[in-house]
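The values are calculated or read from the model by the stated rules, or taken from the named source; none is laboratory data. Only a predicted model underlies this, so the values are computations on that prediction, with no experimental measurement involved. Please note: Cβ atoms are built from the backbone with ideal geometry, for glycine as well, and neighbour counts cover all protein chains shown. Ligands, DNA and RNA are excluded from the accessible area calculation, which covers all protein heavy atoms including side chains. Shrake-Rupley method; radii C 1.70, N 1.55, O 1.52, S 1.80 Å.
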Amino acid sequence: MDRVSEDEELPEYAERVLAVAEQIPPGRVMTYGDVAEWLGEGGPRQVGRVMALYGGPVPWWRVVRADGVLLPGHELRALARYREEGTPLREAARSAEGHVPRIAMALARWDGRSPGDVTPHT
């Protein structure tokens, strides 16, 4: 995930996305769409692209898919973080590949109004 060097200047939109990711409290998540809505700019795909290119240095595991499925290819790393932080999880269905749980979105989703507030777009 960490494809950018510390010396490389980030696009403004990427900096804004990463700033939101850094403010999400441990044990909570925002969807890609939530982040875009919070910023008042872009959409889930743009946020996902920023996270894929530049998200390594921030808590990337806190920006997730709306269905709560863990990031493909990073499931075990993310799962370890979720368990460490106490993020609410739903047990995997028996039919789920690898029996990897999902995030319990109704419990874990952060609306930006709890500790760690960021300023929404105006």
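Out of all the residues in the range 25-44, which are surrounded by fewer than 19 Cβ atoms within 10 Å (Cβ to Cβ) and assigned to a helix (DSSP H, G or I)?
The answer is Gly33, Glu37, Leu39, Pro44.
Within the range 91-119, which residues are open to solvent by less than 80 Å² (accessible area, probe 1.4 Å), touching a Leu at 6+ places or on another chain (Cβ under 8 Å) and modelled with pLDDT under 95?
Answer for the range 91-119, where residues must be open to solvent by less than 80 Å² (accessible area, probe 1.4 Å), touching a Leu at 6+ places or on another chain (Cβ under 8 Å) and modelled with pLDDT under 95: Val100, Pro101.
Just checking, does the range 10-22 include any residue being modelled with pLDDT under 95 and over 9 Å from the mean Cα position of the chain (by Cα)?
Within the range 10-22 (the criterion being modelled with pLDDT under 95 and over 9 Å from the mean Cα position of the chain (by Cα)), the answer is yes, since at least one residue qualifies.
Just checking, does the range 1-9 include any residue being open to solvent by less than 40 Å² (accessible area, probe 1.4 Å), in contact (Cβ under 8 Å) with a residue 24 or more places away in the chain and within 20 Å of Ile103 (Cβ to Cβ)?
No, every residue in the range 1-9 fails to be open to solvent by less than 40 Å² (accessible area, probe 1.4 Å), in contact (Cβ under 8 Å) with a residue 24 or more places away in the chain and within 20 Å of Ile103 (Cβ to Cβ).
Go through the residues of the range 56-65 one by one and say whether even a single one is among the aliphatic types (A, V, I, L, M) and open to solvent by 60 Å² or more (accessible area, probe 1.4 Å).
No: the range 56-65 contains no residue that is among the aliphatic types (A, V, I, L, M) and open to solvent by 60 Å² or more (accessible area, probe 1.4 Å).
Give the residues of the range 45-76 that are outside any helix (DSSP H, G or I) and either in contact (Cβ under 8 Å) with a residue 60 or more places away in the chain or over 20 Å from Val35 (Cα atoms) (or both), sorted by residue number.
Across the range 45-76, the qualifying residues are Gly73, His74.
With the condition kept exactly as written, say whether any residue in the range 77-90 is assigned to a strand (DSSP E or B), open to solvent by 40 Å² or more (accessible area, probe 1.4 Å) and modelled with pLDDT of 95 or more.
Among the residues of the range 77-90, at least one is assigned to a strand (DSSP E or B), open to solvent by 40 Å² or more (accessible area, probe 1.4 Å) and modelled with pLDDT of 95 or more, which makes the answer yes.
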